[in-house]
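A short worksheet on the structure shown next.
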Amino acid sequence: MNKTKLLSVLTAATLAVASFSVSAQTGKDSQQMSFQGAELNGKKLAISDYAGKTLLVSFFTAGCNLCARDLKLMREFYVGNMKRNFVLLAINIDADKKDFDSYVQLINLAVPAEQRFPIIWRNTPGYKDNFGTIVSQPTHFVINPKGQLVLKREGSFQPNDWDNLWESLGS
């Protein structure tokens, strides 16, 4: 195989892999998402409770500085858009419930009640979802009003993600 042919094949393969990666990140496959869990107060929650709304689901741990930064920005977005078709849901993935409970206690002291969004501990008995294994902290999912995945972001939310989230809210 000559160099030109090899470069052509490698370029095509690279573009195919990049295209797949972008598709996986933006949810072009429109995977139907689901979860069932309970909020801190025991209130049962499911993705069907948010039908017709754009849902931002953020997986985090209590000791993650990047998670805290993203959740602060997301809380600001939530407060500004809670009257629109938008819901923010935080799912804690700490292994130890004590870490989760400490985080919740801090939120209850520092955040006014009207600015709080549902927080769930993923390790609660009976919790189920199809978000898969979370390997990066934070990891965010944007789900459209039909319950379909439209974005998965591992790591911090990017400027373009905010634009896409804003646009998903419609008028």
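The criterion of being more than 22 Å from residue 123 (Cα to Cα), modelled with pLDDT under 95 and surrounded by fewer than 19 Cβ atoms within 10 Å (Cβ to Cβ) holds for residue 29.
Residues in the range 94-112 include none that are closer than 25 Å to residue 163 by Cα and more than 13 Å from the chain's Cα centre (by Cα). The listed residues are 94, 99, and the only one of them that is assigned by TED's automatic domain parsing to the domain that holds residue 38, crowded, with 18+ Cβ neighbours inside 10 Å and not aliphatic (A, V, I, L, M) turns out to be 94. The single condition among (1) in a helix (DSSP H, G or I); (2) of a type outside the set (Lys, Arg); (3) surrounded by fewer than 19 Cβ atoms within 10 Å (Cβ to Cβ) that residue 123 does not satisfy is (1).
Somewhere in the range 143-152, is a residue of a type in the set (Gly, Ala, Ser) and surrounded by fewer than 18 Cβ atoms within 10 Å (Cβ to Cβ)? No, the range 143-152 contains no residue that is of a type in the set (Gly, Ala, Ser) and surrounded by fewer than 18 Cβ atoms within 10 Å (Cβ to Cβ).
Against the list (1) surrounded by 13 or more Cβ atoms within 10 Å (Cβ to Cβ); (2) without any contact (Cβ under 8 Å) to a residue 12 or more places away in the chain; (3) within 24 Å of residue 161 (Cα to Cα); (4) of a type in the set (D, E, K, R), the condition residue 69 fails is (2). Taken over the range 38-59, the criterion of being modelled with pLDDT of 90 or more and more than 28 Å from residue 167 (Cβ to Cβ) is satisfied by 44 alone.
Applying the selection to the range 153-165, what residues are surrounded by fewer than 14 Cβ atoms within 10 Å (Cβ to Cβ), assigned to a loop (DSSP other than H, G, I, E, B) and either touching a residue at least 40 places away in the same chain (Cβ under 8 Å) or among the hydrophobic types (A, V, I, L, M, F, W, C) (or both)? Passing the criteria: only 155.
The values are calculated or read from the model by the stated rules, or taken from the named source; none is laboratory data. As the structure is a prediction and not an experimental result, all values here were calculated from the model. Ideal geometry is used to build each Cβ from the backbone, glycine not excepted, and the neighbour counts take in all protein chains shown.
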